[in-house]
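Presented below is the structure to which this report refers.
The values are calculated or read from the model by the stated rules, or taken from the named source; none is laboratory data. Everything numeric in this text was worked out from a predicted model, so none of it was measured. Cβ coordinates were reconstructed from backbone atoms using ideal geometry, including for glycine residues, and neighbour counts include every protein chain displayed. Keep in mind that these areas ignore ligands, DNA and RNA; they rest on the heavy atoms of the full protein, side chains included. Shrake-Rupley method; radii C 1.70, N 1.55, O 1.52, S 1.80 Å.
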Amino acid sequence: MRGRSRIEALAVIAAAAFFSTRAAWGQSANIDSSVPNLPGSNNSLLGTPPGAGGGSFNVAPGQSGILGGRPGPTTSHGIPTSIATPGGMPSATNPSTLGVTAPQPTAVGAQSFYGSLALPNEKEDEGPESGLTVDIAIERFKTQNLDLLAKQYEIPMARADTLNTGLRANPIFYADGQLVPYGSYSKARPGGQTQYDVNITYPLDVTHKRQARIVSAQRAEKVLEALYQDAVRNGLDGLYSAFVDVLAARQTVIYSRKSVEGYIKVLNATEKLYKKDQKSRADFNRVSIQTNNARYGLQDAEVNLLKAKRSLATLLNFPREEADQLEVRGTIQDHEPPPPSLDELKKIAIDYRADVLAFRLGISVAEAAVTLQKRNAYPDVYVLWQPYTFQNNTPYGLKSPTSWALGITGTMPVYNRNQGGIQRAVLNVSQSRLQLENAERQAIIDVEIAYREYEISRRLVEQLKQDTIPLAFQVKEDTYQLYDRGELNVVAFLDAEREYNDTVKLYLDTLVRHRRSMLGLNTAVGLRILP
């Protein structure tokens, strides 16, 4: 009866444990871990590292099993080997996703403009001496940009992963009692004898998996460092655009202000002619409308300048109250000698561009994964030390002995249990080499496109500056002289002004386009070639 009550109690405990586990499962958080870059997730902000498709740093498939508690044909204590294995490197990659996801720069679009423009006579104002230069902006971007600061944590996190992969397994302590009777043994009910054991089991990494994990993790660190540098490269491309936007918006304000001054001059001349009855009221009103439009254009240009400053200030993490007062120093004019030849730039990109370097380092990661998977083919060997065994002979009136035991548990290496993992890792090496070849080809294409844009825009700027702008200015001056003498009607004069305004807009747009191409060439090459 007493034995039956114990069995019923054990059944109740088992049922309670089962249903409480089910309840715990039902209360788990509903977080979709498949969403990439989910805030707070373990997904890397730097994308999938090249060479990461050859498997994780964890133990080989089939290694997790049962540790025998003591040598000989006794009953196994059923210890899972997973608790004896140090945690592998938390994978921040999705092996099904190939290649590296390049961080996207912050998009800074060109501001729309309303109004008219005119070329100022004075030299372009580069801004105050204390203004923010592109060099200072680059240095501040590297240290203050919030997106880069977040991605920077990937590097110490990778080092923490390397530390984790090098941890040694802890020994396993286990104590048990066997052949414990329901009640007690006696001569009438012989059995036993009851035995109490204390066991310590320690895994031996005979295939040196730990060293292979460390090498793989250290090489993965180098890849993440290269990916971070590529994030900086792409981020600087957005910074270049924002900086040129401010320069262009500031120059547009200057051109607009000059246009307003010109129209005021024309309006005053028209008013004098109108008072002399040499121009009609309609002529005066047409010029007034164009003058007002020029003023509206100046206001629009000033608003666009403010927007451009705020966009730049956001990238550089300036306080909001400082954004409107931000002043930059620079020019949209190209006063620099031409860059090296196209062939030299291609070679520089292949040798120094961070994304290409990441793929090159990714091959070493893939090769380390092959070594790791080969060593993962066979599990650890487990040494068992049983320092204390007590056998209870009290029911028989005999002395109870103590003893010790030593044993070893290991897999018989008849089959390679990781053939698929090894094959995958070997294939990943070939795959990584193809990805490197594709990255080098893409870098060359980027340089060719950027260099062609630089050459075309520079040639257009020179043509406009030497030929088109002087002609347009001369036409404008001649037309004004005729209009001022009353020899030309207002419609013909305003048509000439619009043609001049279109030419100046084209010239300013081309200047900005060329300035962008200079900085875009830096992004394509991966080094600061032009200021």
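A few notes on this one:
- Furthest towards positive pole of dipole, Leu406, Leu357, Ser311, structure part segment 300-447, Cβ charges: Leu406
- Given their separation in residues at 0.36 nm each and the Cα-Cα distance between them, Val198 and Thr143 gain 14.1 nm when the chain is fully extended.
- Approximate spin-label separation Thr411-Met157, in nm, with each point projected 7 Å along Cα-to-Cβ: 3.2
- Taking a point 7 Å out from the Cα of Ile456 in the direction of its Cβ, the residues of segment 314-357 whose backbone N falls within less than 18 Å of it are 342.
- At a probe radius of 1.4 angstrom, the accessible area of segment 131-282 per residue rounds to 49 square angstrom.
- Between Arg281 and Glu129, the contour length at 0.36 nm per residue exceeds the alpha carbon distance by 49.9 nm.
- A protection proxy built from the mean count of other Cβ atoms within 10 Å ranks the segments 366-373, 401-408, most packed first, as 366-373, 401-408.
- Between Gln299 and Thr314, the modelled label-to-label distance comes to 2.5 nm, taking each label 7 Å out from Cα in the direction of the beta carbon.
- Net +/- balance of residues flanking Ile214 in space, Cβ distance below 13 Å, scoring K and R +1, D and E -1: +4
- Per-atom-type breakdown for segment 129-230 gives carbon and sulfur 57% of the accessible area (1.4 Å probe, protein chains only).
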